[in-house]
Amino acid sequence: MVMALSEYMQIALQEAKAAAARGEVPVGAVVVDPVTDHIISRAGNRTLEWKDPSAHAELLAIREACGKVGSERLPGIDLYVTLEPCPMCAQVISFARVRRLYFGASDPKGGGVENGPRLFHQPSCHHKPEVYGGLGEGEAAKILKDFFAVRR
């Protein structure tokens with residue numbers, strides 16, 4: 001059974017909700033092999049828990065996926081994330097050679113794909129994944145807004 005795109009994003013949203021429950025900024029990510037329809041890894045932010053500013057959902061999911069496939073590259077692999085990746089995560093996505101990036105909510109303040117430095121459009125970017133923004137955007141944005149409304 002092939003999972004619909006929205007189902008992968010729903011799993012990423014579950015990871016984001018789990019991150020929020022831990023007190024982390026609610027971002028979730030899922031790495032998928034679209035050929036086998038297999039979820040290789042999934043993660044939510046853990047920057048506070050691990051005292052690690054690089055413990056973003058995307059990086060954690062990519063690290064785990066690379067370990068599972070035994071390579072620093074993930075060609076042919078897709079990444080679903082609830083929030084537009086920051087510049088750091090966008091660079092890792094490029095370095096990992098991710099095939100497609102699907103993200104939910106745009107991030108005008110901290111994004112690095114459609115906002116900010118627009119990393120994949122820079123001449124120094126060696127690999128540009130196909131990018132599809134706005135998948136599950138409403139729910140992803142609501143999770144973030146609800147999280148920050150309690151903290152402000």
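The values are calculated or read from the model by the stated rules, or taken from the named source; none is laboratory data. Given the structure is predicted, the values throughout are model-derived calculations rather than measurements. Counting neighbours? That spans all protein chains shown, and the Cβs are built from the backbone with ideal geometry, glycine included. We work out accessible area using only protein heavy atoms, side chains counted, and drop any ligands, DNA or RNA first. Shrake-Rupley method; radii C 1.70, N 1.55, O 1.52, S 1.80 Å.
Observations, loosely collected:
- Only residues that are in contact (Cβ under 8 Å) with a residue 24 or more places away in the chain and either over 18 Å from A57 (Cβ atoms) or open to solvent by 40 Å² or more (accessible area, probe 1.4 Å) (or both) were counted across segment 69-91, and they come to 8.
- Just one of the listed residues (V81, V92) is of a type outside the set (D, E), farther than 24 Å from G138 by Cα and touching a Leu at 6+ places or on another chain (Cβ under 8 Å), and it is V92.
- Taking the numbered list (1) in contact with an Asp or Glu (Cβ under 8 Å, 6 or more places away or on another chain); (2) buried (at least 24 other Cβ atoms within 10 Å of the Cβ); (3) closer than 16 Å to A140 by Cα in turn, E24 passes all entries but (2).
- Qualifying residue in segment 46-60 (condition: touching a helix residue (DSSP H, G or I) at 6+ places or on another chain (Cβ under 8 Å), farther than 27 Å from S124 by Cβ and not acidic (D, E)): yes
- Here segment 27-55 is the region considered, the condition is being over 23 Å from V150 (Cβ atoms) and without any contact (Cβ under 8 Å) to a residue 24 or more places away in the chain, and the residue that is least open to solvent (accessible area, probe 1.4 Å) is D52.
- Scanning segment 125-147 for residues that are at pLDDT 95 or above and farther than 14 Å from L83 by Cα, we see that the one that is most open to solvent (accessible area, probe 1.4 Å) is K128.
- The residue that is least open to solvent (accessible area, probe 1.4 Å), among those in segment 92-118 that are of a type in the set (S, T, Y) and within 24 Å of S6 (Cβ to Cβ), is Y102.
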